[in-house]
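Encoded as structure tokens, the structure appears first; notes follow it.
Rule-based calculations on the coordinates, nothing more; no lab input. Owing to the predicted nature of the structure, the values given are computational and were not obtained by experimental measurement. Methodologically, a virtual Cβ is constructed for each residue, glycine included, from the backbone with ideal geometry; neighbour enumeration extends over all protein chains shown.
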Amino acid sequence: MKEMNPNNPGKTKAEEYIIPQKSAYSGTVNLLMSMFFLLIALLIFLPILLVIIISFSSEESVTELGYSFFPKSFSLDAYRYLFNSGEYLFRAFLNSVFITLSGTLTGLLVMCPIAYAVSRKEFSFRRPMLLFLMIPMMFSGGLVSSYMVNTQIFHLKNTYLALILPGLCSTWYIMILRNYFHISIPDSLIEAAELDGCDPFQTFRLVVLPISKPVIMTVSVFQSFSYWSSWYPALLYLDSNHTELYPLQYVLVNMDMSIERLSRDAQYMSGAITYVPPAVTVRMVMVVIVILPIMILLPFFHRFLKNGMTIGAIKG
């Protein structure tokens, strides 16, 4: 007969000393999955590394070898060409920083209260407001009408507001915020705040916002990236005699067009001595200038991005 363990009646003494065996495949599977995702990360990073290497390559090396991780020679001519207009470029950089920060913060001040209002069942106009917000996602007034409204009615031409207001409020971001407020914030917490004497504005400011940092930071990152990489509003609303308002991306686009014209004109001026800037490497330097702030700041927001995109997916 099997001798039972008095301390654990459900098991015999022999079973008490059996060590649970770990699955033989778990370590191999973890290793393979780690190598797979490491390979994906490497494939994502390689284009960025190639852009950085080409930006430090000489134009002759790019012409001879093409886009290569191992250039024939290195050169700083592309960086010198761009930073010769240092004051103009620095002013454009400050403009982009100002537009990005102003647009992101003001957009959050507008979108967060709207999203919270339409997430509450006791808000009487919740359904009409949701319908009103969904219409711009499916139908657009068009470029001509928006240009006429912004220039003829609001008189935003040649101002910073022309670069900020058109992208200030996004229905998609409002829906992300609204779903978070509706799913992840329990009604009992709102009721407890009301029992403590908080009005709706105090509840939103003192209770809802502090526990909604993940989704707010996620939306702010997306909004800031949208403003940072935007140059088309400057093309529409800024004249050539208002260069002091140009954002960085629009300045870089203009430089790229100027380099292309110089390279094209040089083909028809064989007898004259003309300076042709390193077109390919300068373009890569422009890419580095644009993505470098994003690469520096993104790791600091990674935790908020992960939490903001996953929390609320399952109602708890």
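Let me check against my output: what whole-number percent is the relative contact order of region 84-310, with C-alpha pairs under 8 Å and at least 6 apart?
On the way: 186 pairs, mean separation 69.1, N = 227.
RCO, region 84-310: 30 percent.
Per-peptide packing, taken as the mean over residues of other Cβ atoms within 10 Å, places 82-88, 244-250 in the sequence 244-250, 82-88 from highest down.
Amide H contacts for S57 (H built 1.01 Å from N in the peptide plane; partners 5 or more residues away or on another chain; cut-off under 5 Å): S75. Once you reduce region 193-217 and region 46-121 to the center of their Cα atoms, the two points are 36 Å from each other.
For region 84-310, the Cα-based Rg and Dmax, in that order, read 22.4, 86 Å. Place +1 on the Cβ of every Lys and Arg and -1 on the Cβ of every Asp and Glu in region 84-310, take the dipole about the Cα centre, and give the residue among I164, L133, V207 whose Cα lies farthest towards its positive end. After comparing all options, I get L133.
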